[in-house]
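For reference, the structure discussed in these notes is given below.
The values are calculated or read from the model by the stated rules, or taken from the named source; none is laboratory data. Small disclaimer: the values here were computed from a predicted structure and weren't measured. Cβ coordinates were reconstructed from backbone atoms using ideal geometry, including for glycine residues, and neighbour counts include every protein chain displayed.
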Amino acid sequence: MIAPSILSADFARLADEVAAVTGQSGRGADWLHVDVMDAHFVPNLTLGLPVVRSLLATTALPLDCHLMIENPDRWAIDYAEAGSYNVTVHVEAAGDPVMLAKDLRAAGAKAGLAIKPNTPLEPYVDVLKHYDTLLVMSVEPGFGGQKFIATVLDKVRHARRMVDSGHLNLVVEIDGGINAGTIEQAAEAGVDCFVAGSAVYAADDPARAVEGLRSQVEA
Ligand code: DX5
Ligand code: ZN
């Protein structure tokens, strides 16, 4: 699956930018990735619930909300109740990630857990039994357009093995620096869903960029 990140879109023309990656003739984006940043958990500020609500009203694409915020135990539920398809919280910020996953699912959303590039996966394997998606960060969270950190692929391989062996039931997602030059190695490591911001929205034709990325991993 391909999940364009609107972080690299023109925020003054968001509805058009979403339409630009929504399938008209082709398949288009599978999910729309929405980066929520609070200027505390990460050194950047983006958007919050009002914009998410407006996006939900303007698109049928499933919203994949990536919360880069402090105290997700308090705020994440609002994004689920608003109607997001998947709500991802950072394990580094969550106080009680198991309870949080239960609350997100009870509110009707998929529960996602994100891990920063330097956060190990092993301590969280039991926690991940409660989650639907694992977001492996392949850049330090905070900004689009950064360089892909290939060493995180070891965590992708580990997660893939646990899913394939039936120990976990997760969509493995990768976020950061995904483009035509990096997506194939991520696919080989076992990623199911690829987030791409600048590779989609810096392209002249975002829809073609989505199809181009997909064709590289479906071949
Ligand atoms: C970074 C965000 C990413 C960002 C990816 O903190 O979580 O979703 O939009 O942008 P690119 O694809 O340009 O690395
Ligand atoms: Zn993201």
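Observations
- Taking the conditions (1) away from ligand 1 (no atom under 13 Å from the Cβ); (2) more than 18 Å from Leu168 (Cβ to Cβ) in turn, Pro120 satisfies each one other than (2).
- The combined condition, being in contact with a helix residue (DSSP H, G or I) (Cβ under 7 Å, 6 or more places away or on another chain), within 19 Å of Ala76 (Cα to Cα) and either within 16 Å of ligand 2 (Cβ to nearest atom) or free of Cβ contacts under 8 Å to residues at least 40 places away in the same chain (or both), is fulfilled by Gly108.
- Scan of segment 85-99 for residues that are touching a Leu at 6+ places or on another chain (Cβ under 9 Å) and in contact (Cβ under 8 Å) with a residue 24 or more places away in the chain, ordered by number: Tyr85, Asn86, Val87, Thr88, Val89, His90, Val91, Ala93, Pro97
- The set of residues in segment 79-94 being over 15 Å from Met37 (Cα atoms) and either surrounded by fewer than 16 Cβ atoms within 10 Å (Cβ to Cβ) or not aliphatic (A, V, I, L, M) (or both) consists of Glu81, Gly83, Ser84, Tyr85, Asn86.
- For first residues located in segment 185-206 and within 16 Å of ligand 2 (Cβ to nearest atom), partners that are of a type in the set (Ser, Thr, Tyr) and modelled with pLDDT under 95 and lie 6+ apart or on another chain with Cβ distances below 8 Å do not occur.
- Checking each residue of segment 187-204 against the condition of being part of a helix (DSSP H, G or I), in contact with a helix residue (DSSP H, G or I) (Cβ under 8 Å, 6 or more places away or on another chain) and buried (at least 23 other Cβ atoms within 10 Å of the Cβ) gives at least one match.
- Of the residues making up segment 112-162, just one is assigned to a strand (DSSP E or B), touching a Pro at 6+ places or on another chain (Cβ under 9 Å) and of a type in the set (Gly, Ala, Ser), namely Ala114.
- Test: residue in segment 80-99 that is within 16 Å of ligand 2 (Cβ to nearest atom), over 16 Å from Glu173 (Cβ atoms) and of a type outside the set (A, V, I, L, M, F, W, C): yes
- Residue match in segment 170-180 (condition: part of a loop (DSSP other than H, G, I, E, B) and over 22 Å from Val210 (Cβ atoms)): yes
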